[in-house]
Amino acid sequence: MDAPPLQKITEHVWLDTHSVANTWYIVSESGKVLAIDYGYHGATRAAWHGYPKPERRRALLHGWEGLRAQFGVDRIDTVLVSHFHDDHVCGIPVLQRVFGTQCWAAENFADLLDYPETHNFPCCWIHPMKVNRRLSLNETFQWEEYTFCLHPMNGHTRFSALIGFEADGVRFAHTGDQYFFDQIEDFSKSRRAQNHVYRNGAMLDGYTQSGEWMLNWRPDIVLQGHQPAMHTDTAFFEHIQNWVQDYAETHRRI
């Protein structure tokens with residue numbers, strides 16, 4: 001692939017440009033690397049659409065060569081998972097075999113990663129991965145010099161977690177696949193794109209739950225699963241607030 005393997009967001013936060021569902025890297029001062037999600041390599045994008053059954057797909061390593069060139073690191077130490085869907089997690093077992101990478105996941109969906117054969121939800125990855133640390137919701141935890149907090153949400157799926165952290169003096173939120181826009185250059189002109197999946201546990205309070213947290217946390221930059229980093233402004237938070245009202249009202253009317 002011709003694109004540079006990494007795109008800089010801030011000094012210690014980078015995007016893996018070769019991933020299908022976005023993988024974001026946080027690099028510590030000690031040189032360790034935490035990835036948020038780790039799914040398909042972009043080279044498999046055509047096959048990903050052509051093979052609807054996960055057992056016919058293959059996960060490949062990506063990102064670590066760019067990390068090695070940029071930072072001199074030889075491994076990805078930890079993966080923090082936003083939600084259980086295969087395009088966000090299928091590469092984690094490969095990382096665990098090759099690098100001994102730790103998998104950290106919220107307690108509300110860790111079993112779907114550890115024991116996928118016991119569940120019947122869309123987009124499960126069929127190969128189990130060892131969840132090394134099950135994280136409580138609404139409690140802070142530490143990785144290297146960074147402090148994180150996970151918050152429950154539903155809409156795209158209730159088996160997910162909002163991720164809040166600060167790095168380089170910037171407040172970040174990772175929202176999984178919950179929020180999409182038709183364009184992110186000017187939020188005053190953006191339209192919201194719905195991405196809730198009922199079989200994944202979409203509930204009436206889904207966007208209330210995530211919206212209240214977003215409006216309280218008020219991140220400077222939003223990272224998500226399939227769009228570039230979003231630099232927030234007043235119009236962005238108006239969208240989040242209106243999403244709460246529109247989602248609930250639409251479903252009440254239905």
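The values are calculated or read from the model by the stated rules, or taken from the named source; none is laboratory data. Everything numeric here is computed off the predicted structure, so don't read it as measured data. Heads up, the Cβs are rebuilt from the backbone with ideal geometry, glycines too, and the neighbour counts pull from every protein chain shown. Ligands, DNA and RNA are stripped out before the accessible areas are found, and what is left, the full protein with its side chains, is counted by its heavy atoms. Shrake-Rupley method; radii C 1.70, N 1.55, O 1.52, S 1.80 Å.
Using helices alone, what [θ] at 222 nm do you get for the chain, with -39,500 (n - 2.57) per DSSP H run of 4 or more residues, divided over all residues and rounded to the nearest 500?
Rounded to the nearest 500, the figure is -7000 deg cm²/dmol.
Average projected area of the Cα convex hull of segment 115-254, in nm²?
Hull-based average projected area comes out at 9.6 nm².
Over segment 138-254, what is the relative contact order in whole percent, taking alpha-carbon pairs under 8 Å and six or more residues apart?
Relative contact order here is 25 percent.
If I build a Gaussian network model for the chain, linking alpha-carbon pairs within less than 10 angstrom, which residue out of ASP168, ASP205, ASP37 has the largest mean-square fluctuation?
It is ASP168.
Return a whole-number percent for the relative contact order of the chain, with Cα pairs under 8 Å and 6 or more residues apart as the contact set.
Reported relative contact order: 14 percent.
Quick one: check the C-alpha center-to-center distance for segment 80-120 versus segment 147-183, whole angstrom.
Answer, in whole Å: 17.
Could you please put PHE121, PHE181 in sequence from largest to smallest accessible area, using a 1.4 Å probe?
Accessible-area ranking of PHE121, PHE181, largest first: PHE121, PHE181.
What is segment 62-213's relative contact order, in percent, from Cα pairs under 8 angstrom and six or more apart in sequence?
18 percent
Once the other residues with Cβ under 15 Å from the Cβ of ILE221 are scored (Lys, Arg +1; Asp, Glu -1), what is the net sum?
-3
Going by amide H atoms built from the backbone, whose H comes under 5 Å of the H on SER160, apart from near neighbours?
MET153
Regarding the chain, what's the average projected area of the Cα-atom convex hull, expressed in nm²?
Mean projected area of the Cα convex hull: 13.3 nm².
Provide Rg over Rh for segment 193-243; use the alpha carbon set for both Rg and the Kirkwood Rh (inverse mean inverse pair distance).
0.97
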